[in-house]
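The values are calculated or read from the model by the stated rules, or taken from the named source; none is laboratory data. Source: prediction; values computed, not measured. Positions of Cβ are backbone-derived with ideal geometry, glycine not excepted, and every protein chain shown enters the neighbour counts. Surface areas here come from the heavy atoms of the whole protein model, side chains and all, with no ligands, DNA or RNA. Shrake-Rupley method; radii C 1.70, N 1.55, O 1.52, S 1.80 Å.
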Amino acid sequence: MLRYAVRRLATPALARNASTLILVEHDGVAVNAATLNTVTAAGKIGGPVHALVAGDSCTAVAEEAAKIPGIEKVIVAEGPTLKGNLAEAVTDAVLAVQAANSYSHILANGTVSGKNILPRVGAKLDVAPISDIIGIESEDTFHRTIYAGNAIQTVQSSDSVKLVTVRGTSFEAAPVEGGSAATEAFDIGGVTNDKSEFLESKLSKSDRPELASAGIVISGGRGLKNGENFEMLYNLADKMGAAVGASRAAVDAGYVPSDLQVGQTGKMVAPDLYIAVGISGAIQHLAGMKDSKTIVAINKDPEAPIFQVSDYGLVDDLFKAVPEMISNLD
(Lines give C-alpha, C1' and ligand atoms only; values in the text may rest on other atoms or scores of the structure.)
Protein backbone atom coordinates (compact mmCIF):
# COMPACT_ATOMS: atom_id res chain seq x y z
CA MET A 1 0.00 0.00 0.00
CA LEU A 2 1.29 3.46 -0.87
CA ARG A 3 2.06 5.96 1.88
CA TYR A 4 1.57 9.67 1.45
CA ALA A 5 2.64 12.28 3.99
CA VAL A 6 1.34 15.76 4.60
CA ARG A 7 3.13 17.74 7.27
CA ARG A 8 2.39 21.11 8.79
CA LEU A 9 5.07 22.87 10.81
CA ALA A 10 4.58 22.50 14.53
CA THR A 11 3.73 25.52 16.64
CA PRO A 12 4.13 26.28 20.37
CA ALA A 13 0.47 25.32 20.81
CA LEU A 14 1.51 21.67 20.56
CA ALA A 15 3.48 21.87 23.78
CA ARG A 16 0.44 22.07 26.07
CA ASN A 17 -0.80 18.92 27.78
CA ALA A 18 -3.26 16.85 25.79
CA SER A 19 -6.87 16.61 26.88
CA THR A 20 -9.67 15.11 24.83
CA LEU A 21 -13.41 15.64 24.54
CA ILE A 22 -15.40 12.80 22.95
CA LEU A 23 -18.81 13.51 21.44
CA VAL A 24 -20.96 10.61 22.61
CA GLU A 25 -23.32 9.49 19.85
CA HIS A 26 -26.61 8.11 21.12
CA ASP A 27 -30.32 7.70 20.38
CA GLY A 28 -31.54 9.03 23.71
CA VAL A 29 -31.57 5.51 25.17
CA ALA A 30 -28.14 3.95 24.67
CA VAL A 31 -24.61 4.84 23.58
CA ASN A 32 -23.86 4.09 19.92
CA ALA A 33 -21.40 1.18 19.73
CA ALA A 34 -19.00 3.20 17.55
CA THR A 35 -18.35 5.51 20.52
CA LEU A 36 -16.54 2.63 22.25
CA ASN A 37 -13.99 2.56 19.42
CA THR A 38 -13.57 6.33 19.67
CA VAL A 39 -12.83 5.99 23.39
CA THR A 40 -9.99 3.60 22.56
CA ALA A 41 -8.62 6.07 20.02
CA ALA A 42 -8.77 8.89 22.55
CA GLY A 43 -6.75 6.81 25.00
CA LYS A 44 -3.90 6.59 22.49
CA ILE A 45 -3.58 10.39 22.46
CA GLY A 46 -2.90 10.57 26.18
CA GLY A 47 -4.12 12.93 28.85
CA PRO A 48 -7.56 13.07 30.46
CA VAL A 49 -10.56 11.97 28.39
CA HIS A 50 -13.95 13.59 28.94
CA ALA A 51 -17.20 12.70 27.20
CA LEU A 52 -20.01 15.05 26.18
CA VAL A 53 -23.54 13.66 26.24
CA ALA A 54 -25.91 16.15 24.63
CA GLY A 55 -29.67 15.75 24.22
CA ASP A 56 -33.08 16.67 25.52
CA SER A 57 -33.32 13.64 27.83
CA CYS A 58 -30.12 11.68 28.17
CA THR A 59 -29.65 10.76 31.84
CA ALA A 60 -29.60 7.03 31.04
CA VAL A 61 -27.03 7.57 28.30
CA ALA A 62 -24.81 9.59 30.66
CA GLU A 63 -24.96 6.79 33.24
CA GLU A 64 -23.96 4.26 30.59
CA ALA A 65 -21.09 6.44 29.35
CA ALA A 66 -19.78 6.85 32.91
CA LYS A 67 -19.22 3.08 33.11
CA ILE A 68 -16.88 3.00 30.07
CA PRO A 69 -13.25 2.55 31.20
CA GLY A 70 -10.98 5.35 29.98
CA ILE A 71 -13.48 8.16 30.47
CA GLU A 72 -12.67 10.35 33.48
CA LYS A 73 -15.64 12.71 33.34
CA VAL A 74 -19.01 12.77 31.60
CA ILE A 75 -20.37 16.24 30.82
CA VAL A 76 -24.14 16.28 30.42
CA ALA A 77 -25.66 19.04 28.27
CA GLU A 78 -29.40 18.52 28.53
CA GLY A 79 -32.32 20.61 27.41
CA PRO A 80 -35.20 20.92 24.91
CA THR A 81 -32.99 22.87 22.49
CA LEU A 82 -31.01 19.66 21.90
CA LYS A 83 -34.03 17.53 21.05
CA GLY A 84 -33.23 15.20 18.16
CA ASN A 85 -29.48 15.95 18.45
CA LEU A 86 -29.65 18.36 15.53
CA ALA A 87 -26.17 19.34 14.38
CA GLU A 88 -26.90 23.07 14.58
CA ALA A 89 -27.73 22.86 18.28
CA VAL A 90 -25.15 20.25 19.26
CA THR A 91 -22.44 22.35 17.61
CA ASP A 92 -23.24 25.29 19.90
CA ALA A 93 -23.15 22.96 22.91
CA VAL A 94 -19.74 21.64 21.87
CA LEU A 95 -18.43 25.19 21.42
CA ALA A 96 -19.70 26.18 24.87
CA VAL A 97 -18.06 23.17 26.53
CA GLN A 98 -14.83 23.81 24.61
CA ALA A 99 -14.80 27.47 25.68
CA ALA A 100 -15.10 26.40 29.29
CA ASN A 101 -12.47 23.64 29.21
CA SER A 102 -10.02 24.35 26.34
CA TYR A 103 -9.51 20.78 25.20
CA SER A 104 -6.59 20.07 22.89
CA HIS A 105 -8.57 17.40 20.97
CA ILE A 106 -12.22 16.89 20.12
CA LEU A 107 -13.10 13.44 18.76
CA ALA A 108 -16.28 12.16 17.14
CA ASN A 109 -17.33 8.92 15.50
CA GLY A 110 -16.69 8.66 11.76
CA THR A 111 -20.42 8.26 11.23
CA VAL A 112 -23.06 10.45 9.61
CA SER A 113 -23.61 12.16 12.96
CA GLY A 114 -19.94 12.86 13.64
CA LYS A 115 -19.29 14.05 10.09
CA ASN A 116 -22.28 16.37 10.36
CA ILE A 117 -21.23 18.03 13.61
CA LEU A 118 -17.44 18.27 13.57
CA PRO A 119 -17.05 20.31 10.34
CA ARG A 120 -19.46 22.88 11.80
CA VAL A 121 -17.33 23.04 14.94
CA GLY A 122 -14.25 23.42 12.77
CA ALA A 123 -15.77 26.33 10.87
CA LYS A 124 -16.59 28.11 14.13
CA LEU A 125 -13.13 27.50 15.61
CA ASP A 126 -11.36 28.16 12.30
CA VAL A 127 -9.50 24.84 12.34
CA ALA A 128 -9.39 22.03 9.80
CA PRO A 129 -10.96 18.70 10.88
CA ILE A 130 -9.07 15.51 10.14
CA SER A 131 -11.51 12.87 8.98
CA ASP A 132 -11.67 9.10 9.30
CA ILE A 133 -8.37 8.42 11.04
CA ILE A 134 -7.18 4.82 11.21
CA GLY A 135 -4.15 5.36 13.45
CA ILE A 136 -2.55 7.77 15.90
CA GLU A 137 1.20 8.40 15.83
CA SER A 138 1.34 11.21 18.40
CA GLU A 139 -0.74 14.06 19.81
CA ASP A 140 -0.56 15.95 16.53
CA THR A 141 0.04 13.23 13.94
CA PHE A 142 -2.59 10.88 12.54
CA HIS A 143 -3.00 8.27 9.79
CA ARG A 144 -5.94 8.14 7.40
CA THR A 145 -6.61 6.45 4.08
CA ILE A 146 -6.99 8.18 0.72
CA TYR A 147 -7.69 7.02 -2.84
CA ALA A 148 -10.39 4.60 -1.67
CA GLY A 149 -8.02 2.97 0.80
CA ASN A 150 -5.15 2.43 -1.64
CA ALA A 151 -2.79 4.83 0.12
CA ILE A 152 -2.20 5.84 3.73
CA GLN A 153 -1.78 9.54 4.44
CA THR A 154 0.09 10.82 7.49
CA VAL A 155 -1.24 14.19 8.62
CA GLN A 156 0.44 16.42 11.19
CA SER A 157 -1.70 19.29 12.44
CA SER A 158 -0.47 22.51 14.02
CA ASP A 159 -3.98 23.70 14.92
CA SER A 160 -4.45 24.57 18.58
CA VAL A 161 -7.46 22.25 18.72
CA LYS A 162 -7.41 18.96 16.80
CA LEU A 163 -10.84 18.00 15.47
CA VAL A 164 -10.84 14.33 14.49
CA THR A 165 -13.39 11.80 13.30
CA VAL A 166 -12.47 8.19 14.02
CA ARG A 167 -13.00 5.18 11.76
CA GLY A 168 -14.34 2.74 14.31
CA THR A 169 -13.28 -0.38 12.42
CA SER A 170 -9.62 0.56 12.94
CA PHE A 171 -9.73 0.60 16.76
CA GLU A 172 -10.82 -2.02 19.26
CA ALA A 173 -14.00 -1.28 21.18
CA ALA A 174 -13.57 -0.21 24.79
CA PRO A 175 -15.35 -2.34 27.43
CA VAL A 176 -18.86 -1.24 28.38
CA GLU A 177 -18.33 -1.87 32.09
CA GLY A 178 -15.62 -1.20 34.62
CA GLY A 179 -15.36 2.59 34.60
CA SER A 180 -16.58 5.04 37.23
CA ALA A 181 -16.41 8.48 35.66
CA ALA A 182 -17.72 11.53 37.46
CA THR A 183 -20.80 13.17 35.95
CA GLU A 184 -21.15 16.92 35.62
CA ALA A 185 -24.16 18.91 34.42
CA PHE A 186 -23.39 21.72 32.00
CA ASP A 187 -25.57 24.81 31.67
CA ILE A 188 -26.66 25.23 28.04
CA GLY A 189 -28.67 28.39 28.62
CA GLY A 190 -26.77 30.12 25.84
CA VAL A 191 -27.37 27.37 23.28
CA THR A 192 -29.98 28.30 20.69
CA ASN A 193 -31.11 26.90 17.36
CA ASP A 194 -33.20 29.04 15.03
CA LYS A 195 -32.02 27.25 11.87
CA SER A 196 -33.75 23.88 12.18
CA GLU A 197 -36.46 22.10 14.15
CA PHE A 198 -36.83 18.45 15.08
CA LEU A 199 -40.27 17.12 14.19
CA GLU A 200 -40.13 13.34 14.48
CA SER A 201 -38.00 10.29 13.88
CA LYS A 202 -39.29 7.17 12.15
CA LEU A 203 -36.93 4.26 12.53
CA SER A 204 -37.22 0.88 10.90
CA LYS A 205 -37.13 -1.95 13.43
CA SER A 206 -35.31 -5.20 12.88
CA ASP A 207 -34.23 -8.17 14.96
CA ARG A 208 -31.00 -8.35 12.98
CA PRO A 209 -27.78 -6.79 14.34
CA GLU A 210 -26.91 -3.22 13.40
CA LEU A 211 -24.84 -3.24 10.20
CA ALA A 212 -21.86 -1.21 11.42
CA SER A 213 -21.29 -3.33 14.53
CA ALA A 214 -22.43 -6.82 13.45
CA GLY A 215 -20.08 -9.78 13.83
CA ILE A 216 -21.35 -11.30 10.56
CA VAL A 217 -22.40 -9.30 7.50
CA ILE A 218 -23.98 -10.70 4.33
CA SER A 219 -24.00 -8.23 1.45
CA GLY A 220 -25.66 -8.46 -1.93
CA GLY A 221 -24.82 -6.78 -5.19
CA ARG A 222 -26.28 -6.16 -8.60
CA GLY A 223 -26.01 -9.88 -9.29
CA LEU A 224 -29.20 -10.42 -7.27
CA LYS A 225 -31.05 -8.71 -10.16
CA ASN A 226 -33.90 -7.21 -8.07
CA GLY A 227 -34.99 -6.33 -4.56
CA GLU A 228 -37.20 -9.40 -4.18
CA ASN A 229 -34.17 -11.67 -4.45
CA PHE A 230 -32.66 -9.99 -1.38
CA GLU A 231 -35.17 -12.10 0.59
CA MET A 232 -32.69 -14.96 0.14
CA LEU A 233 -30.06 -12.96 1.96
CA TYR A 234 -32.50 -11.94 4.69
CA ASN A 235 -33.37 -15.60 5.26
CA LEU A 236 -29.71 -16.58 5.36
CA ALA A 237 -28.90 -13.69 7.68
CA ASP A 238 -31.65 -14.68 10.12
CA LYS A 239 -30.25 -18.20 10.34
CA MET A 240 -26.70 -16.92 10.91
CA GLY A 241 -27.51 -13.99 13.20
CA ALA A 242 -26.06 -11.64 10.61
CA ALA A 243 -26.70 -8.12 9.37
CA VAL A 244 -27.52 -7.48 5.71
CA GLY A 245 -25.62 -4.99 3.57
CA ALA A 246 -25.46 -4.07 -0.10
CA SER A 247 -23.17 -2.65 -2.74
CA ARG A 248 -23.65 0.83 -4.14
CA ALA A 249 -24.80 -0.69 -7.42
CA ALA A 250 -27.62 -2.53 -5.65
CA VAL A 251 -28.65 0.62 -3.79
CA ASP A 252 -28.54 2.78 -6.93
CA ALA A 253 -30.68 0.21 -8.72
CA GLY A 254 -33.31 0.54 -6.01
CA TYR A 255 -33.00 -3.02 -4.70
CA VAL A 256 -32.55 -1.91 -1.08
CA PRO A 257 -32.50 1.37 0.90
CA SER A 258 -29.31 3.42 1.16
CA ASP A 259 -28.80 2.68 4.86
CA LEU A 260 -27.63 -0.81 3.84
CA GLN A 261 -24.85 0.47 1.59
CA VAL A 262 -21.35 -0.71 2.44
CA GLY A 263 -18.41 1.14 0.94
CA GLN A 264 -16.53 4.39 0.71
CA THR A 265 -19.76 6.38 0.40
CA GLY A 266 -21.71 4.06 2.70
CA LYS A 267 -20.87 2.32 5.96
CA MET A 268 -17.46 1.02 6.96
CA VAL A 269 -17.67 -2.48 8.40
CA ALA A 270 -15.09 -4.92 9.76
CA PRO A 271 -16.99 -7.99 10.96
CA ASP A 272 -15.49 -11.35 11.86
CA LEU A 273 -17.14 -12.75 8.72
CA TYR A 274 -18.15 -10.87 5.57
CA ILE A 275 -20.02 -12.75 2.84
CA ALA A 276 -20.23 -10.95 -0.52
CA VAL A 277 -22.97 -12.36 -2.74
CA GLY A 278 -23.13 -11.27 -6.37
CA ILE A 279 -20.73 -8.39 -5.76
CA SER A 280 -18.02 -7.77 -8.37
CA GLY A 281 -15.71 -5.89 -6.01
CA ALA A 282 -15.65 -2.26 -7.14
CA ILE A 283 -12.87 -0.31 -5.42
CA GLN A 284 -15.30 1.91 -3.52
CA HIS A 285 -17.02 -1.16 -2.06
CA LEU A 286 -13.73 -2.78 -1.06
CA ALA A 287 -12.80 0.38 0.84
CA GLY A 288 -15.72 -0.24 3.18
CA MET A 289 -15.19 -3.93 3.98
CA LYS A 290 -11.63 -5.03 3.32
CA ASP A 291 -10.73 -4.83 7.03
CA SER A 292 -13.10 -7.74 7.72
CA LYS A 293 -11.43 -10.65 9.51
CA THR A 294 -12.64 -13.28 7.00
CA ILE A 295 -14.08 -12.52 3.57
CA VAL A 296 -16.12 -15.03 1.58
CA ALA A 297 -17.12 -14.24 -2.02
CA ILE A 298 -19.82 -15.92 -4.11
CA ASN A 299 -19.79 -14.93 -7.77
CA LYS A 300 -20.22 -16.78 -11.05
CA ASP A 301 -17.46 -14.70 -12.68
CA PRO A 302 -14.06 -16.20 -11.75
CA GLU A 303 -12.36 -12.95 -12.82
CA ALA A 304 -14.39 -10.76 -10.44
CA PRO A 305 -12.06 -8.44 -8.44
CA ILE A 306 -13.76 -9.48 -5.19
CA PHE A 307 -11.83 -12.77 -5.33
CA GLN A 308 -8.55 -10.85 -5.05
CA VAL A 309 -9.37 -9.77 -1.48
CA SER A 310 -11.43 -12.76 -0.35
CA ASP A 311 -10.11 -15.50 1.92
CA TYR A 312 -12.54 -18.01 0.44
CA GLY A 313 -14.21 -17.88 -2.95
CA LEU A 314 -17.01 -19.85 -4.53
CA VAL A 315 -17.42 -19.59 -8.30
CA ASP A 316 -21.07 -20.54 -8.65
CA ASP A 317 -24.52 -19.20 -9.45
CA LEU A 318 -25.70 -17.39 -6.33
CA PHE A 319 -29.27 -18.52 -7.00
CA LYS A 320 -28.06 -22.06 -6.49
CA ALA A 321 -25.43 -21.51 -3.79
CA VAL A 322 -27.44 -19.36 -1.35
CA PRO A 323 -30.49 -21.69 -1.18
CA GLU A 324 -28.10 -24.59 -0.55
CA MET A 325 -26.51 -22.67 2.32
CA ILE A 326 -29.95 -21.98 3.78
CA SER A 327 -31.01 -25.62 3.53
CA ASN A 328 -27.77 -26.78 5.19
CA LEU A 329 -28.47 -24.45 8.13
CA ASP A 330 -32.00 -25.75 8.67
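A few notes on this one:
- In the stretch 188-233, the inverse of the mean reciprocal separation of distinct Cα atoms equals 15.2 Å; this is its Kirkwood hydrodynamic radius.
- Ellipticity at 222 nm from helices only: DSSP H runs of n ≥ 4 in the chain, each -39500 (n - 2.57), divided by the residue count, give -7500 deg cm²/dmol.
- The figure for Asp126 is an accessible area of roughly 130 square angstrom, using a 1.4 Å probe on the protein chains alone.
- Residue-normalised accessible area of the chain, expressed per residue, 1.4 Å probe, Å²: 48
- In percent, rounded to a whole number, the relative contact order of the chain is 16, using alpha-carbon pairs under 8 Å and six or more apart.
- For Ala151 and Asn226, the difference between the fully extended length at 0.36 nm per residue and the C-alpha to C-alpha distance is 23.6 nm.
- Computed accessible area, Ile283, all protein chains, 1.4 angstrom probe, square angstrom: 90
- Space enclosed by the convex hull of the alpha-carbon atoms of the stretch 77-118, per residue, Å³: 67
- Counting Lys and Arg as +1 and Asp and Glu as -1 over every other residue whose Cβ lies under 15 Å from the Cβ of Pro209, the net charge comes to -1.
- The mean of 1/r over all pairs of different alpha-carbon atoms in the chain, once inverted, gives a Kirkwood hydrodynamic radius of 21.1 Å.
- Computed over the stretch 139-219, the ratio Rg/Rh where both radii use C-alpha atoms and Rh is Kirkwood: 1.04
- Globularity ratio of the stretch 14-78, using Cα Rg and 2.2 N^0.38 Å: 1.09
- Entries of Lys267/Lys290; Lys239/Lys267; Lys73/Lys124; Lys205/Lys225 with Cα pairs more than 19 Å apart: Lys239/Lys267; Lys73/Lys124; Lys205/Lys225
- Range of Cα positions in the stretch 227-330 per principal axis (Å), largest first: 35, 28, 24
- Where GluC sites (Glu not before Pro) in DSSP loops with at most 14 other Cβ within 10 Å are excluded, longest remaining stretch of the chain: 1-171
- Shape metrics for the stretch 36-187, restricted to C-alpha atoms - Rg then Dmax, Å: 15.0, 45
- Surrounding net charge for Asn37, when Lys and Arg each add one and Asp and Glu each subtract one, Cβ distance under 14 Å: -2
- Cβ-based net charge around Ile326, under 12 Å, with every Lys or Arg adding one and every Asp or Glu removing one: -2
- Normalised by the number of residues in the stretch 35-115, the mean separation of alpha-carbon contacts (under 8 Å, six or more apart) gives a relative contact order of 30 percent.
- Packing around the peptides 39-48, 241-250, taken as the average count of other Cβ atoms within 10 Å per residue, puts them in this order, highest first: 241-250, 39-48.
- Extending 7 Å from Cα along the Cβ direction at Lys115 and again at Asp187 yields two label points whose distance is 3.8 nm.
- Reported value for the stretch 23-124: 90 Å³ per residue, from the convex hull of its C-alpha atoms.
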